Amino acid sequence: MTQDSPYPWREEGATPFIKIEGLSKRFGSFTAVDDVSLDIFKGELFGLLGGSGCGKTTLLRMLAGFETPTSGSIFIDGADMTHVPPYERPVNMMFQSYALFPHMSVEKNIAYGLKRDGVNRSEISDRVAEMLKMVELSEFGRRKPSQLSGGQRQRVALARALVKRPKVLLLDEPLAALDKRLREQTQFELMNIQDQLGVTFVVVTHDQEEAMTLSTRIAVMDAGRFIQIGEPAEIYENPASSFIANFIGSANLLPAKILERHGGVAVLEHSGSKRQFKVATDSTQVGDTPTLAIRPEKILIDKAPLNQCDNQLQGTVREVAYLGKISTYRVETDIGEIIEVTAPNQVRPTGVGHKIDWDDSVHLGWNADSAVLLAE
Amino acid sequence: MAESTAAVNSGMLSRLGNWLQARWQSIITAIPLFWLLLFFLAPFFIVLKISVAESLIASPPFSSLFEWGEGLLPSVSVTAENYSYLWEDDLYVRTYLSSLKIASISTLLCLLVGYPIAYAISRADGAMRYILLFLVILPFWTSFLLRVYAWMGLLADQGTFNNLLMWLGVIEKPIRLLYTQFAVYVGIVYSYLPFMILPLYANMEKLDNSMQEAAADLGARPAAGFFTVTLPLTAPGILAGCLLVFIPATGEFVIPDLLGGGNVLMIGRVLYGEFNSNHDWPVASAVAIALLIVLVLPMMLYHRVQARNAEQNT
Amino acid sequence: MTGKRSRFLLTMLCFGMAFLYIPIILMMIYSFNYSKLVPVWGGFSTRWYTTLFQSEEVWAATSLSLKIAVMNATFAVMLGTLAGLALARIHRFRGRTLFTGMISAPLVMPEVITGLSLLLLFITLNQMIGWPASRGITTITIAHITFSMAYVAIIIQSRLAGTGQDLEEAALDLGAKPFRVLWDITLPQLAPGMVAGWLLSFTLSLDDLVIASFVTGPGATTLPMLIYSRIRLGLRPDINALATIIILVVTIGVLLAGWIMLRQQKQLANRQ
């Protein structure tokens, strides 16, 4: 029973729930989705992440049935859905705008899909009541969407899409219209509901933090293709390219050349300054010219030397951005590169002296396994 | 047996239903398209056909274009006589030119009167703007014919204007205002003013006030700001308004007939007369086709403007 | 608005409004003139209203015009809504260019051409298939629908252009088939536009003289045709009275419609 595993994608030969094969969509001469293939498993909360125009929404709309693929196929639970119209798919969608019908009450909105399926009246009212309870809107059933707040509307849209018990729920930027605080709260609600119902979710988002928090796995899209598919931590810690390293969080990127390699650790040379650094790796070869990527939070910063670190640099602070719980420093280093470092503000920076400020001389340090090598 | 037939029937029905549902786009397009093809496009081909037919004293007073001859092929009798008649008769050429002149000057007058009004409305605030807009639209909803009639009352020999001027002592005896070109100009400007103001207003409403402020901030005096910023930005509205006035005004019938009397030559009136009094349908058709040829360019231009506006809205 | 420019605009505005309204107001005032000569004031009287109400011709023409206007508005809204939907929602179909051309042309087409061409169509059809057997209320209505539907289509198209397709897609996604979506979602959204289209079509039909004169037959005289036949020969005080009634009715109607639409718009604004 592959479904029982919490991580079915890690297992060989597991049966996917949604199978996308060689899917393309062209609008005239523009290719929105370019020959993508993807397996999504039952019960996943799968994130499609990318900038605007990367093709993520078009992919979602093909899953819903609003766009007909130019080529390729979509299978859901073993059935070919490629040319099935949206009104016959076991798939429902939560729209970015929520698309609540303004002339119908909340109840009528939620009941709409069940009515179309010819469900009998008493069952409709039971299931609508159940859904309203789940999204904590039981008292609001008779209101019109215009009389609800943004967060309430979002929950009505969710209830309306879930009441038909779809095999797959598609969510188009589900949190984009909410303000920051509500967004964080709603994220966890979404995850709880998904956990309760066990429905497979596919979420489109441009917000990498949202994708990281929500998803079991993420597919990062650019120019109509997947550039990396993996679990959030995998993508963050082992980005496949410098594009991803910068798209998901930020990274200091240094051009380098591998000089020698002993087991899992390689010594490389920074292309500009010829300074040598150690990095943990298991795939590079001597003579390769990869990019060394170090996340700003993985670099220590101090006024005193950081001798405990495998790699060290010295430099001068050129900019400080105080963000509350952390601060970001831009340091001009002795290898001629500006390095960005973030550090938690564990001490209230009130006293003069231990606070790092503009034009201070600082030491930077990181360990060999804190950085990664990127082939491109 | 009966049950299985019913099942087959309902199966066929639902398949027909699905077939129709899948073709909803074709269905909702086909109905209005069919109507327009039959009642808008087809008539023009008939006019074209009759314009090359020979005039007969009969009912209908034109020769049938297709006579079923002895062979299988219909013999076609086509004549360009009606068109050469238009060209040779000095009256028609003069009428076309006069129509174009009257329509052009009226359009220009409409623009001069309408532009500041539209501008003032677009810069009025809140409720005032809607009230003014409403006041401009209201006459458009009331009868065109009656608005023209209202001017007959003002311009007649014993009309309000003449009475007023005589009472003021400006004139001794009534001057001729009704049944002159002047009356036709006034009538066209009056009747078509809303058609000028509305597209101008729609265009100016979208205009950002900060544009002019930016121009002033960069050192443009009001006049310079107007000619270099406001005027170019309202050009689409000007074009749309002018076309909406010019095209129908060229073929106008009621205004020259009621306010111009027999003294003003306009093609719409000639066409109506050719048709109603002379019963020369082929010549009337040729007049119509010739008018259409004159107007086809401005009409295509208007269509382009409309399409571009629709695109910007989406 | 400040200074000289503001004063100029204000003057133009006043002048424009006076230009638009003084002729109408004077026409209404003279409807209460006792004198048979319209511009010569002979004291206050309502005798022309009495004359008007006693005229069977006027009643017949009014009822014919209203019948045509109602039928025209109803059919024009149906056809025009479909056409507007096609224009706004279906971006690629065969004959789209021709279709958009045929929708925008009637708005500017000189009436004499439309009238003549439709008459010749009716005559040709009559010769070919025997329909329409005679010209009158049916042919006038068909002619009016043809140009009114273009106005409705433009109104519907512009309303739809401003809204996305999310609601329709949401309904499809929830299992509603296309015609169901049209009925449940699209048409309720379009209701205000359809009401506006109906009123406009109704008015356009009541207003039309030229096209109706071409396509009418013996015995069918619409109200504008009656008015025209009377004023061709000069001013008539009973027509002033008729004009006053028509203008008052239309003004009240437009005010009412405007008020309803304003209220709906406010509700819509509250929603967002």
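To make sure I understand the rule: partners must be lysines, Cα under 16 Å from the Cα of A:LYS108, and not fewer than 8 residues away in the same chain. Which ones qualify?
Candidates past the 8-residue exclusion: A:LYS133, A:LYS144, A:LYS164.
Relative contact order for the stretch A:119-230: what percent, with Cα pairs under 8 Å and sequence separation of 6 or more?
Once divided by the residue count of the stretch A:119-230, the mean separation gives 19 percent.
Can you give me the Cα centroid spacing of the stretch A:216-269 and the stretch C:1-77 in angstrom?
That distance is 78 Å.
Could you give the angle, 0 to 90 degrees to the nearest 10, between helix C:187-207's Cα long axis and the longest principal axis of the Cα atoms of chain C?
That works out to roughly 30 degrees.
Quote the charge dipole size of the protein assembly as shown about the Cα centre in Debye, to the nearest 20; the model charges only the Cβ of Lys and Arg (+1) and of Asp and Glu (-1).
With Lys and Arg at +1 and Asp and Glu at -1, about 2840 debye.
Only four residue types carry charge here, +1 at the Cβ of Lys and Arg and -1 at the Cβ of Asp and Glu. Report the dipole size of the stretch B:91-238 about the Cα centre in Debye, rounded to the nearest 20.
Using only the charged Cβ atoms, the result is roughly 460 debye.
Extent of the stretch A:250-374 along each principal axis, from alpha carbon coordinates, in Å, largest to smallest?
Largest to smallest, the principal-axis extents are 48, 25, 23 Å.
Taking the 0 to 90 degree range and rounding to the nearest ten, how far is the long axis of helix A:121-134 tilted relative to the main principal axis of chain A, both from C-alpha atoms?
Roughly 20 degrees, rounded to the nearest 10.
By average Cβ neighbour count within 10 Å, what is the ranking of B:224-237, A:14-27 from highest down?
Most protected by this proxy first, the peptides run A:14-27, B:224-237.
Rounded to whole Å and sorted largest first, what semi-axes of the equivalent ellipsoid does the C-alpha gyration tensor of the stretch B:216-279 yield via the square root of 5 times each eigenvalue?
Semi-axes, largest first: 44, 12, 6 Å.
To the nearest 0.05, how large is the calculated FRET efficiency for B:ALA235 and C:THR163 if R₀ is 22 Å and r is the Cβ-Cβ distance?
0.20
How far, in nm, would the chain grow between B:ALA214 and B:ALA127 when pulled straight, counting 0.36 nm per residue and subtracting the alpha carbon separation?
Result for the pair: 28.6 nm of gain on full extension.
For chain C, what's the relative contact order in percent, using C-alpha pairs closer than 8 Å and at least 6 residues apart?
Reported relative contact order: 31 percent.
Taking only C-alpha pairs under 8 Å that are 6+ residues apart, what is the relative contact order of the stretch A:8-246 in percent?
Dividing the mean separation by the residue count of the stretch A:8-246 yields 27 percent.
Across 10 Å bins from the origin, how do the percents of Cα pairs in the protein assembly as shown run, short distances first?
Pair shares across the bins are 2, 9, 14, 16, 15, 14, 11, 8, 5, 3, 1, 0.
Expressed as cubic angstrom per residue, what is the convex hull volume of the alpha carbon set of the stretch A:163-295?
153 Å³
Among B:LEU258, B:LEU231, B:TYR130, whose Cα projects farthest towards the positive end of the dipole of the stretch B:83-313, with charges put on the beta-carbon of Lys, Arg (+1) and Asp, Glu (-1)?
Ranked along the dipole, the leading option is B:TYR130.
Within 10 Å of each Cβ in C:248-254, how many Cβ atoms from other chains are there, averaged over the peptide?
That average works out to 3.
Three principal axis extents, largest first, for the C-alpha atoms of chain C, in Å?
72, 67, 33
Give me the extension gain from A:HIS103 to A:PHE243: residue separation times 0.36 nm, minus the current Cα-Cα distance, reported in nm with one decimal.
45.9 nm
Report, in order of residue number, the helices in chain B meeting two criteria: a C-alpha extent of 15 Å or more along the helix axis, and a mean Kyte-Doolittle hydropathy of at least 1.0; treat each whole DSSP H run as one helix.
Span-like helices here: B:24-36, B:126-141, B:144-155, B:181-205, B:235-250.
Could you work out the mean count of beta carbons from other protein chains within 10 Å of each residue's beta carbon in C:187-195?
Per residue, the number of nearby Cβ atoms from other chains is 1 on average.
What range in chain C is the longest one free of chymotrypsin sites (Phe, Trp or Tyr not before Pro) that are in a loop by DSSP and have at most 15 other Cβ atoms within 10 angstrom?
Looking at chain C, C:94-272 is the longest stretch - no exposed chymotrypsin sites (Phe, Trp or Tyr not before Pro) with at most 15 other Cβ atoms within 10 Å.
Give me the log10 of I(q) over I(0) for the stretch A:1-140 at q = 0.09, 0.10, 0.18, 0.19 Å⁻¹, as the Debye formula computes it from C-alpha points; what are the numbers?
The Cα Debye sum returns log10 ratios of -0.38, -0.46, -1.15, -1.19.
For the stretch A:250-374, with the dipole built from +1 on Lys and Arg beta-carbon atoms and -1 on Asp and Glu ones, taken about the Cα centre, which of A:THR333, A:LEU374, A:LEU300 lies farthest toward the positive end?
A:LEU300
Could you tell me the distance between the Cα centroids of the stretch B:239-314 and the stretch B:143-182, to the nearest Å?
With the stretch B:239-314 and the stretch B:143-182 each reduced to a Cα centre, they are spaced 27 Å.
Quantify how strongly other chains surround peptide B:113-123 by giving the mean number of their Cβ atoms within 10 Å of each of its Cβ atoms.
Mean partner shielding for this stretch: 5.
Would you mind working out the magnitude of the charge dipole of the stretch A:8-246 relative to its Cα centre, with +1 at each Lys and Arg C-beta and -1 at each Asp and Glu C-beta, to the nearest 20 Debye?
The dipole of the stretch A:8-246 has a size of about 1160 debye.
Once both axes come from the Cα atoms, what is the angle between helix C:237-271 and the longest principal axis of chain C, in degrees from 0 to 90, rounded to 10?
Between helix and principal axis, roughly 30 degrees.
Å³ per residue of the Cα convex hull, for the stretch B:83-313?
174 Å³
Readers should treat all values here as calculations from the given coordinates under stated rules, not as data from a laboratory. Nothing here was measured: the structure is a model prediction, and the numbers come from that model. Please note: Cβ atoms are built from the backbone with ideal geometry, for glycine as well, and neighbour counts cover all protein chains shown.
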